[in-house]
Amino acid sequence: MPYLYNTPEDQRAMLEAIGAGSIDELFDPIPAYLQLDRPLNLPPALSEMELDQQLRLLASRNRHAGELVCFLGGGCYDHFVPAVVDTIGSRSEFYTSYTPYQAEASQGNLQAVFEYQSLITRLTGMDISNASLYDGASAAAEAVLMATSSTRRFGKVVVPECLHPEYRSTIATYLENLETEVVTLETPTGVVDPDLLAAAVDEEVAAVVLQQPNFFGCVEDAYRVAEITAAAGSLLISVFDPLSLGILRRPGDYGANIAVAEGHTLGTPMSYGGPFLGIMACDKSLVRRMPGRIAGKTVDRRGNDCYVLTMQTREQHIRREKATSNVCTNQGLFALRATAYLAQLGPQGLRETANLCLQKSHYAAEQLCKLDRFSLAFPVPTFKEFVIRDAENQVAELLSSALDNGFLAGIPLGQWYPQLADCFLVAVTEKRTKAEIDSLVHSLANSETKVTAEV
Amino acid sequence: MKNTRDTQTIFELSRSGRRAARLPACDVPEHNVADLLPAASIAATPPALPELSEPAVIRHFVNLSTQNMSVDTHFYPLGSCTMKYNPKRNERAAAMPAFADLHPYQPAETLQGMLQMLYEMQEMLQEISGLEACSLQPAAGAHGELAALLVAAAYFRDLGESRTKVLVPDNAHGTNPASAAMGGFDAVTLKTTADGFVDLDDLETKLDEHVAVLMITNPSTLGLFEPNMQVIADRVHKVGGLIYLDGANMNAILGVARPGDFGADMQHYNPHKTFSGPHGGGGPGAGPICVTEKLAPYLPTPIVKTLGDQFVLDYDRPKTIGRVRAFFGNVGVLLRAYAYIRTHGPDGLRRVSENAVLNANYLLSRVKHILPVPQGHRCMHEFVASASDLRRDKKISAMDLAKRLLDFGYHAPTVYFPLTVPEAMMIEPTETESKETLDAFAETLFRITEEDADLLHDAPHTTAVSRPDEVRAARQPVLSYPE
Ligand SMILES: Cc1ncc(COP(=O)(O)O)c(C=O)c1O
């Protein structure tokens with residue numbers, strides 16, 4: 001048996017000290033008729049070596065982004081993870097510790113959380129960051145709940161169609177058994193239309209959720225959206241891309257009240273979508289409504305600077321049903337990774353990373369649009385991804401033939417937007433080289449589907 | 001030996017112009033940013049991040065790591081958290097590029113190994129819980145609670161029943177009532193008896209056809225198996241309600257008893273406890289939920305299913321509650337749990353619980369001579385001692401004991417939870433500790449209780465920091481390094 005320390009003699013001695021005849025007797029409090037009278041029906045135990053073989057077998061049935069060239073985005077991106085981040089993230093003093101409730105035994109974690117919060121406020125231009133939430137989508141849903149409770153407007157929340165469909169779905173699920181209605185704003189031009197927005201926000205609207213850049217990669221007029229939102233007394237929830245802030249204005253600059261993001265892009269691999277990092281930052285005025293843990297700086301009894309979890313009267317372990325949220329376990333390890341990532345990148349590194357994404361994605365869009373069948377579905381400025389419309393309406397065939405050539409070429413949009421069934425979303429990170437982009441274009445240009453389409 | 005310089009904050013260590021990361025030159029024709037983006041959207045300067053060299057980054061964080069207690073360095077008997085050893089093979093598995101470098105929107109044909117693993121996880125978790133369906137989507141235990149309560153809400157809506165109440169025993173974890181409120185229910189507190197069990201009379205008065213769910217933690221947060229489990233489940237079912245099992249304490253009953261067999265309609269797991277996912281200094285966890293057949297249609301979407309010899313994601317589930325997050329779930333945590341379950345097998349998992357319960361009872365048999373354990377002389381995987389006598393007689397609190405234990409190289413037990421036990425110390429040794437460790441811990445605890453109260457009030461003495469001023473932290477909050 002792996003990891004059981006006690007020998008049969010130990011066990012006998014322990015049972016004797018307990019005054020029990022057998023281990024089975026220790027389970028006597030469970031009525032016999034409720035006990036399982038057979039072994040669990042699970043595969044037999046593997047040794048470590050056999051486990052390794054089993055995992056390799058499973059692994060051989062996956063084709064990962066190291067062997068395929070990844071142009072997939074949609075909230076999860078193939079960004080570069082510096083070795084420093086892995087080294088720090090695999091310090092087991094960090095990753096095998098619990099939430100830092102005992103401050104004296106957790107100063108390392110607490111200071112890292114404090115630094116994380118400080119980096120997030122600088123990154124976003126917001127006043128306060130918490131210690132992390134589950135992921136970008138659940139952070140957006142939490143932000144909506146925060147907005148309804150702080151504005152006391154439980155009527156509506158406005159969510160544009162160009163917000164990530166899975167974020168919209170998450171918000172809808174969180175609100176399903178509450179009174180708040182989700183008003184979906186159509187965005188036929190690929191960005192929020194100020195007039196449509198102005199018509200949709202009224203004094204019942206707790207918040208507008210703006211993704212910047214949005215799900216289609218398009219850069220929104222965030223100032224205008226903020227203005228319209230504020231005019232109605234609603235809160236602006238910004239769903240931002242952390243790396244875009246190397247170039248784009250910060251949520252705090254354009255007046256967001258709550259800013260949330262998927263933070264895996266700060267040093268955590270794609271991992272099939274999780275575990276990731278839910279970033280949340282807000283205005284000072286909203287801090288008492290903030291979900292999740294927050295670390296603060298204070299002094300100890302000897303007068304030394306130190307860190308603790310603070311403002312815990314917001315939290316479930318103190319306030320129970322009156323807490324701002326039920327969140328307990330968060331994504332601490334990924335907050336640590338993000339801290340290391342941002343420390344490693346620095347301001348210039350962040351700007352250069354953002355610029356590489358911007359330049360390379362524009363190059364890719366330009367090259368793709370040189371092919372007759374392709375055009376940009378939304379001809380507005382984009383940051384690192386864009387929507388390609390295929391005039392021949394053969395998205396599935398196109399992507400599948402690109403896969404045969406070793407490319408994860410894009411995400412078909414018809415699954416969420418029936419009106420965009422002829423479109424796919426292409427993301428280009430700093431990792432993609434010109435050669436990879438050129439061969440993607442080449443592969444799509446010579447796609448089998450074109451031939452069949454002409455037949 | 002203490003390194004004060006390199007544990008200054010990264011902002012103090014920053015020097016303008018220093019750099020760690022070098023990025024490749026731009027290999028595509030470069031445009032002016034102003035030609036690509038609207039002027040109003042462009043920031044004049046990048047955010048004010050600190051500027052460090054790579055060795056400085058490493059030295060800083062490695063030094064910080066040494067200011068932590070952790071399972072890999074210390075005994076960590078933190079009750080309710082199941083701080084067991086985290087096998088290194090699991091870490092290696094999760095880091096394999098064929099798992100770590102997968103994009104969630106890759107076509108299923110390129111993910112067959114991943115989907116197979118997840119499919120097997122669904123099946124194995126169902127078998128361990130004795131329930132019929134599983135969603136791996138929730139990101140932590142509390143998230144699973146919320147998802148399951150929303151499943152219950154959808155189920156009752158479908159039946160045309162309006163049920164507004166969720167019953168939660170007073171010794172439940174705070175996430176239970178918080179999840180109930182977040183899910184749009186009224187959380188109604190159920191009393192427990194002096195023995196720590198659900199008060200059947202109180203249940204009787206609060207149980208009616210408005211009750212949607214009773215959330216029960218079994219074994220409870222006191223480390224006790226609820227003796228009236230069957231009665232409670234029968235009564236709740238009789239009025240049409242559902243039983244939710246908080247599965248945080250599954251480490252006590254793996255292969256011994258199954259929630260589905262003792263009346264639960266839904267449960268979550270905490271794989272970051274029971275199945276050895278490391279806790280990461282706060283997370284990640286995962287919160288897969290299992291439910292009975294009748295609740296299956298409402299589970300979050302997607303779920304992995306088989307189609308011929310292929311594994312596919314099933315989105316075609318018209319009654320689903322939708323999503324509680326983006327993408328599939330906390331797959332990296334699930335993969336570690338998979339590795340854990342596969343290396344233990346059916347006998348091994350039962351052995352885990354047997355030894356977790358043996359260790360806890362052994363430690364209880366020693367601790368009860370030092371501190372009273374109000375609820376019984378036997379326990380499951382953990383027990384709750386009380387320092388209230390010590391507090392009365394010597395003015396030594398549970399917190400004092402907790403802090404003093406740190407001086408001796410032990411992480412403190414969970415203190416002041418559950419709220420029903422005064423001066424609570426919740427102790428969970430887990431199965432991965434040896435008798436010697438438990439003996440040494442008990443001896444230390446005894447020695448501490450004999451110490452001078454003043455010494456304890458000022459503890460810890462050996463840590464870099466002692467008794468942070470929490471009131472000041474809350475009243476004059478400093479939540480980030482000033483810019
Ligand atoms: C009894 C109990 N229930 C629920 C939870 C919540 O689980 P999580 O922290 O994974 O959200 C915990 C753990 O913190 C717990 O101990």
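Taking 0.36 nm per residue of separation and subtracting the current Cα-Cα distance, fully stretching the chain between B:LEU419 and B:THR292 would add 42.6 nm.
Taking every alpha-carbon pair under 8 Å whose residues sit at least 6 apart, the stretch B:281-378 reaches a relative contact order of 21 percent.
Charged side chains reduced to their Cβ positions (Lys and Arg at +1, Asp and Glu at -1) give the protein assembly as shown a dipole of some 1760 debye around its Cα centre.
In chain B, helices alone account for a calculated mean residue ellipticity at 222 nm of -11000 deg cm²/dmol, with every DSSP H run of four or more residues adding -39,500 (n - 2.57).
Counting Cβ atoms of other protein chains within 10 Å of each Cβ in B:79-90 and taking the mean gives 3. Computed over protein heavy atoms with a 1.4 Å probe, the carbon and sulfur contribution to the accessible area of the stretch B:17-60 reaches 53%. As a fraction of the 1.4 Å probe accessible area of the stretch B:332-386, surface on carbon and sulfur atoms comes out at 44 percent.
Between rounded, prolate and oblate, where does the stretch A:8-59 land on the alpha carbon gyration tensor, with a ≥ b ≥ c its root eigenvalues, rounded for a/c under 1.5, else prolate if a/b exceeds b/c? Oblate shape, in that a/c is at least 1.5 and b/c is the bigger or equal ratio.
The relative contact order of the stretch A:144-260 comes to 26 percent, based on Cα pairs under 8 Å that sit 6 or more residues apart. Against the criterion of solvent-accessible heavy-atom surface with a 1.4 angstrom probe, A:SER22, A:SER285 sort, most first, into A:SER285, A:SER22. Along the axis of the charge dipole computed for the stretch A:83-342 (Cβ charges of +1 for Lys and Arg, -1 for Asp and Glu, origin at the Cα centre), the listed residues A:THR121, A:GLN312, A:VAL182 are led at the positive end by A:GLN312. The residues of chain A present an accessible area of 32 Å² per residue when probed at 1.4 Å with all protein chains retained.
Among residues other than A:LYS434 with Cβ under 9 Å from its Cβ, the summed charge is -1 (Lys and Arg +1, Asp and Glu -1). Per-residue SASA remark: B:THR45, around 90 Å² accessible (1.4 Å probe; ligands, DNA and RNA not included).
What does the charge add up to near B:LYS191, with Lys and Arg as +1, Asp and Glu as -1, over the other residues with Cβ less than 10 Å from its Cβ? Taking every Cβ under 10 Å from that of B:LYS191, the sum is -3.
Basic side chains Lys and Arg get +1 at the Cβ, acidic Asp and Glu get -1 at the Cβ, and with that the dipole of chain A about its Cα centre reaches some 1240 debye. Protein-only accessible surface at a 1.4 angstrom probe places the residues B:THR73, B:THR205 in the order B:THR205, B:THR73, largest first.
Contact order, relative form, for the stretch B:351-473: 28 percent (alpha carbon pairs under 8 Å, 6 or more residues apart, mean separation divided by residue count).
Computed with a 1.4 Å probe over protein heavy atoms only, the accessible area of B:HIS210 comes to about 80 Å². Net length available on complete extension from A:ARG56 to A:ALA13 is 11.3 nm, with 0.36 nm assigned per residue and the Cα-Cα distance removed.
Accessible surface of the stretch A:25-142, 1.4 Å probe: 51 percent of it comes from carbon and sulfur atoms.
Taking all protein chains together and rolling a 1.4 Å probe, A:LYS284 ends up with roughly 140 Å² accessible.
Loop-located GluC sites (Glu not before Pro) in the stretch B:67-167 (DSSP state other than H, G, I, E, B) with a sparse environment of at most 13 neighbouring Cβ atoms within 10 Å: B:GLU161. For chain B, the gyration tensor built on C-alpha atoms gives an oblate shape. Its axis ratio a/c (a ≥ b ≥ c) is at least 1.5, and a/b is not larger than b/c.
Of the residues in the stretch A:304-325, those shielded by at least 30 Å² of accessible area once partner protein chains are present, compared with the chain alone at a 1.4 Å probe, are A:VAL308, A:THR310, A:MET311, A:GLN316, A:ARG320, A:GLU321. Averaged per residue, the stretch B:351-473 has 34 square angstrom of accessible surface, using a 1.4 angstrom probe with ligands and nucleic acids left out. Beta bridges assigned by DSSP with both partners in the protein assembly as shown are antiparallel in approximately 55 percent of cases.
Ranking B:LEU405, B:VAL367, B:ALA424 by how far each Cα lies toward the positive end of the dipole of the stretch B:351-473 (charges on Cβ) leaves B:ALA424 at the top. When the stretch B:56-122 is described by a simple charge dipole with +1 on each Lys and Arg Cβ and -1 on each Asp and Glu Cβ, the residue from B:MET117, B:PHE61, B:ASN86 located farthest towards its positive end is B:PHE61.
Among B:ASP208, A:ASP28, the sequence by solvent-accessible area, most first, with a 1.4 Å probe is A:ASP28, B:ASP208. Kindly compute the accessible surface that chains B and A hide from a 1.4 Å probe when together, both sides summed, and give it to the nearest 100 Å². Protein heavy atoms only, the B-A interface buries about 16900 Å². Remark: the stretch A:8-59 carries a charge dipole of roughly 260 debye about the Cα centre, counting +1 on each Lys and Arg Cβ and -1 on each Asp and Glu Cβ.
Each Lys or Arg adds one and each Asp or Glu subtracts one; over the other residues with Cβ under 15 Å from the Cβ of A:ARG61, this totals -3.
Which whole-angstrom value gives the distance between the alpha carbon centres of the stretch A:218-250 and the stretch A:42-87? Cα centroid of the stretch A:218-250 versus Cα centroid of the stretch A:42-87: 35 Å apart. Of the complete DSSP H runs in chain A, those spanning 20 angstrom or more by Cα along the long axis with a mean Kyte-Doolittle score not below -1.0 are A:107-124, A:136-151, A:332-369.
The values are calculated or read from the model by the stated rules, or taken from the named source; none is laboratory data. All values reported here derive from a predicted model rather than from experimental measurement. When we count neighbours, we look across all protein chains shown, and the Cβ atoms used for this are built from the backbone with ideal geometry, even at glycine. Remember, those area values only see protein heavy atoms, side chains included, never the ligands or the DNA or RNA. Shrake-Rupley method; radii C 1.70, N 1.55, O 1.52, S 1.80 Å.
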